[in-house]
Protein chains: 2
Amino acid sequence: MDEEKVIEKITKFIENKRIKNLREYLKTINSADFPSIFESVDEDKIIMIYRLLSKEKAAEVFVELEHDNQEKLIGYLTDTEIKNVMNEIYMDDAVDLIEEMPSNVVKRILTNTKPANRKIINELLKYPDDTAGTLMTTEFIDLKENMTVADAFEFIKKKALKKETVYNCYVLTIDRKLLGIIDIKDLLVADRDKLIKDIMDTNVIKVNTLEDQEEVARMFDKYNYVALPVVDQENRLVGIITIDDAIDVIQEEATEDFEKMAAITPDDDNDSYLKTGVFKHAKSRIIWLLILMLSAMLTGQVIENFEAAISTLPLLVAFIPMIMDTGGNCGSQASTLIIRGLAMNELSTKDIFKAIWKELRVSIVVGIVLAIANSIRIMVQYHDIKIAIVVGITLICTVMMAKLLGCVLPMIAKKLKLDPAIMAAPLITTIVDTLSVLVFFNIATLIFNI
Amino acid sequence: MDEEKVIEKITKFIENKRIKNLREYLKTINSADFPSIFESVDEDKIIMIYRLLSKEKAAEVFVELEHDNQEKLIGYLTDTEIKNVMNEIYMDDAVDLIEEMPSNVVKRILTNTKPANRKIINELLKYPDDTAGTLMTTEFIDLKENMTVADAFEFIKKKALKKETVYNCYVLTIDRKLLGIIDIKDLLVADRDKLIKDIMDTNVIKVNTLEDQEEVARMFDKYNYVALPVVDQENRLVGIITIDDAIDVIQEEATEDFEKMAAITPDDDNDSYLKTGVFKHAKSRIIWLLILMLSAMLTGQVIENFEAAISTLPLLVAFIPMIMDTGGNCGSQASTLIIRGLAMNELSTKDIFKAIWKELRVSIVVGIVLAIANSIRIMVQYHDIKIAIVVGITLICTVMMAKLLGCVLPMIAKKLKLDPAIMAAPLITTIVDTLSVLVFFNIATLIFNI
């Protein structure tokens, strides 16, 4: 979609009062394109455009909007219009909406929701954050094992419009226990008089309502399904999670890891960068900055202890930034690879010794190359072999320490059931800084006999 | 799946020569679970297990395996068995396989591929890396606009087994131009005598064969489809991309950005951490380490220039690590948020002034808080108001510089059509280091009149 052109066209229709043409034109625009259109037109136009949409599309567009625009829009909508939206949207989207709106808006939404749906929403709201229960929706196709394929088609024809997906159908017992699953493809190729129980797949990959959402996303990635059934402790099917929600989780978890790697405290609101306020930005950044600043002071204290060495040989100070940065970079390389490997399930804490062995060898190779490059440069610039030796040995030690800590600390965090990402680059860097400066000055005092 | 239990069970079946039971048991294991099983059993058992699988499942399992295990397995398979795999797998998987195998294996694979498929594979191999063309497969359901719904069901029943997905069907003209798309749900709820052209959706979201894979993944994320049609320059439908491939791209791109943020050069082989060799690991890390080491030397040179100041007031040196780390952390916070925002399409280069304005205000808040915290600590520890002032002012300047550079540089990179992630934390850190040390010593010489 060429957004500017679309907006220009819409504006022209409105200016020329060609409402009928506008209504037709809006039909050709995908629901997912409306949020960015609404960002670029005036508020009075938003409500006007919104009211020209069909009932189904209005609900679809509503779900796609960002929370602040949803809230604004609800302010303009009549009770009947809100009822409409709440009748059309899927339960997982309803729960998302209610979780994000302020309480007065929530009250208005719930008053305009059918009692049956209100009950479902309340049930779904009870699941702990970030579990399968909060991701799932309750609109799925449930078949019985003794239906024929023809029966199933009849059933689907009647029910499908109100279901989030027909791609996978679920076969349940009378007391709603999950017996099997049928991909719509298998239904479509089967003869019409076959029984459901003869074509269903009984090796069902399913998740429990309390399963962590990260694990749910990993299962989608691994098994390539478009929906996963969610069962309670008694194996009763209570909902399904569709792959679009899994993709959101994947993106969200990656964003969280990016933020942690950059010493930012992630928050639960997924507001975009520009929509997040200045103080919220500051708040999410300041905690780690303070912690890391305090730990960096430790490095300063170490340097202070070697004041004598510095007075004797002030040149030493010039190598501090290089040693600190190299240590930090080596550490963050290792910790990033390990954290990402753990997140992608390519690595587990069982592999810790294999990982240490790998990092040990890598760090020797890398350390030697860096030490050689540095020694050459020092010989060229300062013609001082002693300094070259001190810096070279320090570099090799620093690289090895940095890589080993970068490898071990995230694994230990994971083993302690902490998020490995707290052991990301910034913290590793600060730890390695102190250690490498310590090594540097100790080797220097030793070799120069200061 | 409890992997250890499964492997134990399989091993027992083999030991007791209960092959029939093993064959039955293997049917209950999902294809996606075989790779990790194959990692844990001996090679002779792998080929034995593999040969007990049904034709379809053998092909499915083969596709799921990691490349090194695929290569090993091919070494054991007969020509007939390879033919089998190549007949069963989808064309996108065939292309992946051929791209990853050494040339002697490729030759053997192609000899055992039907000429028609060989032609398709060769066509697909011609698309440039990382484009929609390399992701797509050619097995989709193509309907004609004058078919009835009943005709369509007949057609799907005959063709579906060999198609990667039936969830979306495509309506083509005689010369294979894309007219419309039908979600299988709409087909299932429609009356059997309706015409396809009356129920198809003509607002088709599609991609061009040469579209970048990152953009393709973004479209999946935005539009929530399970498949996207791929057309050539003449709007002829040449393939489809399914959502599982889009998820792989999302994961791959996130991993690449993580690596770039940690000064690692990503490579094209997606080998896991443990499968990547020591020298390959070292190679992908050493380039940036050398570049960043050289730039860190600049900071060292700056310090050298202030040797007089250091001799007069050696205490100054103790603050260098803290100032450098804080600058680095502030810069990486800003650059990470901007890089991720750009990657997720929440930000565009048009927003540069909005982003600068935001970072400016955030950096003033953060800078002042950090300066106050530091001044208090300096007053407590050293009772020296002049040092407190120097460090405080330096911190505020450093935070502002770091945040502004962290915000502007990735945006400029994007504007220049470079990957914004090259302006990630490590490079920003080195730039900010030099600048902040420069500011620090200049302010210090000014205030202390050194």
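Pick from the stretch A:292-304 the residues that are more than 7 Å from chain B (Cβ to nearest Cβ) and in contact (Cβ under 8 Å) with a residue 24 or more places away in the chain: which of them is nearest to the chain's Cα centre (by Cα)?
Checking each candidate, the answer is A:Ser295.
With B:Lys157, B:Lys194, B:Lys222 as the choices, which residue is in contact with a helix residue (DSSP H, G or I) (Cβ under 9 Å, 6 or more places away or on another chain), at pLDDT below 90 and surrounded by fewer than 20 Cβ atoms within 10 Å (Cβ to Cβ)?
B:Lys222
Just checking, how many residues over the stretch A:20-44 are over 15 Å from A:Glu3 (Cβ atoms) and at pLDDT below 90?
3
Being farther than 21 Å from B:Ile450 by Cβ and surrounded by 15 or more Cβ atoms within 10 Å (Cβ to Cβ) is the filter here, so list the residues in the stretch B:375-395 that pass it.
B:Arg377
One residue is enough: does the stretch B:254-262 have a residue meeting the conditions more than 10 Å from chain A (Cβ to nearest Cβ), within 20 Å of B:Thr137 (Cβ to Cβ), of a type in the set (D, E, K, R) and in a helix (DSSP H, G or I)?
No, the stretch B:254-262 contains no residue that is more than 10 Å from chain A (Cβ to nearest Cβ), within 20 Å of B:Thr137 (Cβ to Cβ), of a type in the set (D, E, K, R) and in a helix (DSSP H, G or I).
Can you find a residue in the stretch B:408-417 that is more than 22 Å from the chain's Cα centre (by Cα), more than 20 Å from B:Ile364 (Cβ to Cβ) and of a type outside the set (A, V, I, L, M)?
no
Specify which of the listed residues (A:Asp248, A:Asp232) is surrounded by fewer than 21 Cβ atoms within 10 Å (Cβ to Cβ) and more than 9 Å from chain B (Cβ to nearest Cβ).
A:Asp232
Using beta carbons and a limit of 7 Å, which pairs, at least six apart or on different chains, have the first residue in the stretch B:336-359 and more than 7 Å from chain A (Cβ to nearest Cβ) and the second one among the acidic types (Asp, Glu)?
What qualifies is B:Ile339/B:Asp257; B:Ala343/B:Asp257.
Need the failing condition index for B:Asp96 against (1) more than 23 Å from B:Pro229 (Cα to Cα); (2) buried (at least 18 other Cβ atoms within 10 Å of the Cβ); (3) among the charged types (D, E, K, R), just the number.
All conditions pass for B:Asp96, except number (1).
Go through (1) under 21 Å from B:Asp244 (Cβ atoms); (2) touching a residue at least 60 places away in the same chain (Cβ under 8 Å); (3) not in a helix (DSSP H, G or I) and name the single condition B:Asp92 misses.
Of (1) under 21 Å from B:Asp244 (Cβ atoms); (2) touching a residue at least 60 places away in the same chain (Cβ under 8 Å); (3) not in a helix (DSSP H, G or I), only one is false for B:Asp92: (3).
Among (1) within 21 Å of B:Glu139 (Cα to Cα); (2) surrounded by 16 or more Cβ atoms within 10 Å (Cβ to Cβ); (3) at pLDDT below 90, there is one condition B:Asn69 misses while meeting the rest; what is its number?
Looking at each condition in turn, B:Asn69 falls short on (1).
Go through the stretch A:201-219 and count every residue that is out of contact with any helix residue (DSSP H, G or I) (no Cβ under 9 Å at 6 or more places or on another chain) and hydroxyl-bearing (Ser, Thr, Tyr).
Qualifying residue count for the region: 1.
Identify all residues within the stretch A:321-362 that are under 25 Å from B:Gln251 (Cβ atoms) and among the charged types (D, E, K, R); write none if there are none.
Listed by number, the residues that qualify are A:Arg340, A:Glu346, A:Lys350, A:Asp351, A:Lys354, A:Lys358, A:Glu359.
Please determine, by comparing only the residues of the stretch A:18-48 that are among the small types (Gly, Ala, Ser) and under 20 Å from B:Asp201 (Cβ atoms), which one is farthest from the chain's Cα centre (by Cα).
Step by step, filter the stretch A:18-48, then rank; the result is A:Ser31.
Among the numbered criteria (1) in a helix (DSSP H, G or I); (2) surrounded by 12 or more Cβ atoms within 10 Å (Cβ to Cβ), which one does A:Ile29 miss?
That leaves (1) as the condition not met.
Just need a number here: residues in the stretch B:238-250 that are part of a helix (DSSP H, G or I) and either touching a helix residue (DSSP H, G or I) at 6+ places or on another chain (Cβ under 7 Å) or touching a residue at least 60 places away in the same chain (Cβ under 8 Å) (or both).
6
Counting only residues that are facing chain A (nearest Cβ under 10 Å) and either free of Cβ contacts under 8 Å to residues at least 12 places away in the same chain or not small (Gly, Ala, Ser) (or both), how many does the stretch B:379-406 have?
Selection size over the stretch B:379-406: 4.
Test of understanding: among A:Ala343, A:Ala355, A:Ala371, which residue is out of contact with any Pro (no Cβ under 7 Å at 6 or more places or on another chain), of a type outside the set (Lys, Arg), buried (at least 21 other Cβ atoms within 10 Å of the Cβ) and modelled with pLDDT under 90?
Result: A:Ala343 is the single residue among A:Ala343, A:Ala355, A:Ala371 that is out of contact with any Pro (no Cβ under 7 Å at 6 or more places or on another chain), of a type outside the set (Lys, Arg), buried (at least 21 other Cβ atoms within 10 Å of the Cβ) and modelled with pLDDT under 90.
What is the number of the single condition among (1) more than 9 Å from chain B (Cβ to nearest Cβ); (2) part of a helix (DSSP H, G or I) that A:Cys330 does not meet?
(1)
The values are calculated or read from the model by the stated rules, or taken from the named source; none is laboratory data. Worth saying up front: this structure is predicted, and the values here are computed from it rather than measured. All Cβ positions, glycine included, derive from the backbone under ideal geometry; neighbour counts span all protein chains shown.
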